[in-house]
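Beneath this line is the structure, given in structure tokens, with notes to follow.
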Amino acid sequence: MTTTAIFFLIAGLGLITWVFARARAGRFIQSGVASVHSLPSYHGWYAAMWAVVPAVLFLLVWSTVAPALGSYQVLESPLAAQLPTDAFERAAILSEARALSRNPDLKVFNDAAVQLAPLYSAADSRYAMIGALAAFLLCFAGGAFAFTRIRPDFRARTQVERTVMLGLLLASLIAILATLGIVASLIFETVRFFNLVSPFEFLFGLQWNPSDKIVDGQATGFGAVPLFWGTVFIGAIIAMLVAIPLGLMSAVYLTQYASANVRKWMKPILEILAGVPTVVYGYFAALTVAPALRSFAVSIGITDASSESALAAGLVMGVMIIPFVSSMADDSIAAVPGSMRDGSLAMGATKSETIKQVLIPAALPGVVGGVLLAVSRAIGETMIVVMAAGLAANLTANPFASVTTVTTQIVQLLTGDTDFNSPMTLAAFALGLTLFVVTLLLNIVALQIVKKYREAYD
Amino acid sequence: MLDNTATTSTKSKMSARDVKVFYGEKQAIKGVSIDIDMDNVVAFIGPSGCGKSTFLRTLNRMNDTIPIARVEGDITLDGENIYSSSMDVVQLRARVGMVFQKPNPFPKSIYDNVAYGPRIHGLAPNKAELDQIVENSLVRAGLWNEVKDRLQDSGTALSGGQQQRLCIARAIAVDPEVILMDEPCSALDPIATAKIEELIHELRGRYAIVIVTHNMQQAARVSQKTAFFHLGTMVEYGDTSDIFTNPREERTRDYITGRYG
Ligand SMILES: Nc1ncnc2c1ncn2[C@@H]1O[C@H](COP(=O)(O)OP(=O)(O)OP(=O)(O)O)[C@@H](O)[C@H]1O
Ligand SMILES: [Mg+2]
């Protein structure tokens, strides 16, 4: 019997338990017991939960334990005693045998594996059987236990609510735990990297030229400043020079000038812009904008213009961020009390004077928060810069030159044939951690500002 | 139209003739005529939703900012129709200032709040004159002594009553001819309210003042003329003392004695 089949059977049993428990609880109501605490369906859910949840949990645990038990049994057999003593060889043979037991057509390299395979089949099916039996037992026991607790005054609703709450809590914990796990692995690998390259060198070094050979007493080529500069130059300077004015102006237009009709079709279009996959922007940057910019630069006499200019990536990234800035600014402007606008208009200020001198200053904290969020998004953006920004780690402020970014280099370091323990791979983790810390700080500051601002107006 | 309303007087600052206001299909003001002069503070009273604010806002065309609002009838300022195409709204609002129910200082310094109007209307050619205007306005609004040492503090950091007086200072900084006040004290405590009422007394004569209020005692204290509104019409308009002691209309009497509203 496969595991899937067992799951379905248990689900079926759960359904049956639900029906019976519900019917049993329903009889209390029909028989006119004065105070039935919970609706019959709650009793049904309660019993079904008891039938299904312990059994499924057991199966999950069992499916991780059973293979180990199987291996153990195989190793106890006399055949296994003849295996080579070298741990590495043994493991190779054993894993081959296990694979063969699941798929008899497999080509094997060790004859010993062929002999061990039937043992594996036997052990695995034995433990699968034990697991299935135990799961069914738990299912029946749980169902029966719950069934006996069904009484008119039993608070099934409370119990069901509590279980639902627990389930939701678990779901949210998983996301948090995953984040913590990611951070932990980043920190772990970064520490290993810093054992090879000093943090000072990494954070302040001006040479980025990573290689696997680390010679003592020499600059290692892991100075990340050119990367940081490239990231800031593209994501926080060029992109924001595009996104802030255009986003702000579109927000002002949409909130203050556009008629309801115009807003009705313009807002969704802006939102669609936000939903375009970044790889499409990447194409656009690499194949359309970059060549155009280069020929423009050459035509105005800049001879060393790169075809992977910072300007191309930054401009396109700015366009990508516009809807984001615009919707944040839109929210902030809409949150400015109407009375402030009226106050200015009643002084005889024109609409644009009111916007310039009252609305935007009043909305500024919210707008600044939104811009910080946009920056943190821009510096973490990968696809556009991988496709359109270069790999040359130049420390230059020339927008027509090629610069590289943290995300581009992470991709560069991790793709291709590199050893997982090489300094280059570890450097990617150090870069990732740096990026993570910076964006985290930006987000915290931005959310703090936005929150303060919201409080100010209500 | 009621005959007790429209007695055209030569010295009336603003006069309205048969004014109707519509919000979309709905008519909020159903033909109101009134004269407002420089010598008397006029109070608008009436139950909630009767159209006091709506009518007040027609006097400086603030209803223009509501897309669905439509105004019919004639309103003149010094004999000039304020809804004619030759009337510049920016000029009009400089001449007819407004103070709102909830104090609404701009998120700027106290100084910049008061200087806002003079700056946009170009009233002060240099810093010294602007300083003078700011000081005079704050003095007249009775706020100078409280804020003269912290003019650069944010206007929003003041107390509610101070904020409202700042808004009045802001309104008088452009030297208007008429000041409209829509329930200026309803968000204030009794002490701050008394200060504003005192201020209204002092401003009387220099500006034509119209005040909307829900507080009968306040209307009796600050105004010389009172208009009673009900369901979009102006039921009665006359000397405040007459309205409160000897109203001509049944509905006015009922409202004043608290029988409804
Ligand atoms: N912006 C608007 N859009 C649509 N209808 C409005 C608008 N403003 C006011 N009204 C309607 O016009 C009528 C008069 O409202 P108005 O605010 O002038 O009353 P009011 O006498 O000032 O009341 P209150 O004493 O509560 O301030 C009300 O029925 C109101 O619902
Ligand atoms: Mg009102």
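Please go through segment A:171-187 and give me each residue that is of a type in the set (A, V, I, L, M, F, W, C) and without any contact (Cβ under 8 Å) to a residue 40 or more places away in the chain, ordered by number.
Listed by number, the residues that qualify are A:171, A:173, A:174, A:175, A:176, A:177, A:178, A:180, A:182, A:184.
Scan the helices (runs of 4 or more DSSP H) fully inside segment A:275-380 and keep the ones with 3 or more residues being buried (at least 23 other Cβ atoms within 10 Å of the Cβ) and away from chain B (no Cβ under 14 Å).
A:310-335, A:360-380
So residue B:89 ticks every box in (1) facing chain A (nearest Cβ under 8 Å); (2) in contact (Cβ under 8 Å) with a residue 12 or more places away in the chain; (3) open to solvent by 60 Å² or more (accessible area, probe 1.4 Å); (4) not hydroxyl-bearing (Ser, Thr, Tyr) but one. Which box is left unticked?
(3)
Hey, among B:165, B:170, which residue is within 11 Å of chain A (Cβ to nearest Cβ), closer than 11 Å to residue B:105 by Cβ and either open to solvent by 30 Å² or more (accessible area, probe 1.4 Å) or away from ligand 2 (no atom under 16 Å from the Cβ) (or both)?
Just a single option satisfies the conditions, and that option is B:170.
Considering only residues that are farther than 28 Å from residue A:144 by Cβ and among the aliphatic types (A, V, I, L, M), which ones fall in segment A:54-68?
Answer for segment A:54-68, where residues must be farther than 28 Å from residue A:144 by Cβ and among the aliphatic types (A, V, I, L, M): just A:68.
For (1) on the phi > 0 side of the Ramachandran plot; (2) β-branched (Val, Ile, Thr); (3) free of Cβ contacts under 8 Å to residues at least 12 places away in the same chain, each residue gets a yes or a no:
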{"site": "A:43", "(1), (2), (3)": "no, no, no"}
{"site": "A:46", "(1), (2), (3)": "no, no, no"}
{"site": "A:60", "(1), (2), (3)": "no, no, yes"}
{"site": "A:64", "(1), (2), (3)": "no, yes, yes"}
{"site": "A:81", "(1), (2), (3)": "no, no, yes"}
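Looking only at segment A:387-418, count how many residues are open to solvent by 30 Å² or more (accessible area, probe 1.4 Å), in a helix (DSSP H, G or I) and either touching a Pro at 6+ places or on another chain (Cβ under 8 Å) or under 30 Å from residue A:301 (Cβ atoms) (or both).
Matching residues across segment A:387-418 total 1.
Specify the residue that is farthest from ligand 2 (Cβ to nearest atom); the eligible residues are those in segment B:29-71 that are polar (S, T, N, Q), open to solvent by less than 10 Å² (accessible area, probe 1.4 Å) and touching a residue at least 60 places away in the same chain (Cβ under 8 Å).
B:33
Out of A:6, A:29, A:10, A:93, I need the residue that is among the β-branched types (Val, Ile, Thr), within 24 Å of residue A:159 (Cβ to Cβ) and buried (at least 16 other Cβ atoms within 10 Å of the Cβ). Which one?
Step by step, each of A:6, A:29, A:10, A:93 is checked, and only A:10 is among the β-branched types (Val, Ile, Thr), within 24 Å of residue A:159 (Cβ to Cβ) and buried (at least 16 other Cβ atoms within 10 Å of the Cβ).
Would you check if residue B:207 is surrounded by 14 or more Cβ atoms within 10 Å (Cβ to Cβ), within 16 Å of ligand 1 (Cβ to nearest atom) and either farther than 19 Å from residue B:40 by Cβ or touching a residue at least 12 places away in the same chain (Cβ under 8 Å) (or both)?
no
This table checks each residue for (1) assigned to a helix (DSSP H, G or I); (2) among the basic types (Lys, Arg); (3) open to solvent by 60 Å² or more (accessible area, probe 1.4 Å).
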| site | (1), (2), (3) |
| --- | --- |
| A:69 | yes, no, no |
| A:74 | yes, no, no |
| A:89 | yes, no, yes |
| A:104 | no, no, yes |
| A:126 | yes, yes, yes |
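For the condition among the aliphatic types (A, V, I, L, M), more than 34 Å from the chain's Cα centre (by Cα) and closer than 27 Å to residue A:66 by Cβ, what is the one hit in A:171, A:128, A:178?
Step by step, each of A:171, A:128, A:178 is checked, and only A:128 is among the aliphatic types (A, V, I, L, M), more than 34 Å from the chain's Cα centre (by Cα) and closer than 27 Å to residue A:66 by Cβ.
Within the group B:97, B:79, B:122, which residue is within 14 Å of chain A (Cβ to nearest Cβ) and surrounded by fewer than 17 Cβ atoms within 10 Å (Cβ to Cβ)?
Only one candidate qualifies: B:122.
If you go through segment B:173-187, how many residues are within 13 Å of ligand 1 (Cβ to nearest atom) and open to solvent by 10 Å² or more (accessible area, probe 1.4 Å)?
Residues that pass the stated criteria total 4.
Just need a number here: residues in segment B:74-132 that are charged (D, E, K, R) and more than 20 Å from the chain's Cα centre (by Cα).
Total satisfying the criteria: 6.
From the list A:396, A:408, which residue is at pLDDT below 90 and among the β-branched types (Val, Ile, Thr)?
A:396
In this structure, does residue B:242 turn out to be farther than 22 Å from residue B:39 by Cα and either in a strand (DSSP E or B) or not hydroxyl-bearing (Ser, Thr, Tyr) (or both)?
When the stated conditions are applied, residue B:242 does not pass them.
Please specify each residue of segment B:173-187 satisfying the condition of being within 16 Å of ligand 2 (Cβ to nearest atom) and in contact (Cβ under 8 Å) with a residue 60 or more places away in the chain.
Answer for segment B:173-187, where residues must be within 16 Å of ligand 2 (Cβ to nearest atom) and in contact (Cβ under 8 Å) with a residue 60 or more places away in the chain: B:180, B:181, B:182, B:183, B:184, B:186, B:187.
The values are calculated or read from the model by the stated rules, or taken from the named source; none is laboratory data. A quick note: this is a predicted structure, and the numbers were derived from the prediction, not measured. Note: ideal-geometry Cβ built from the backbone for every residue, glycine included; neighbour counts use all protein chains shown. Ligands, DNA and RNA are excluded from the accessible area calculation, which covers all protein heavy atoms including side chains. Shrake-Rupley method; radii C 1.70, N 1.55, O 1.52, S 1.80 Å.
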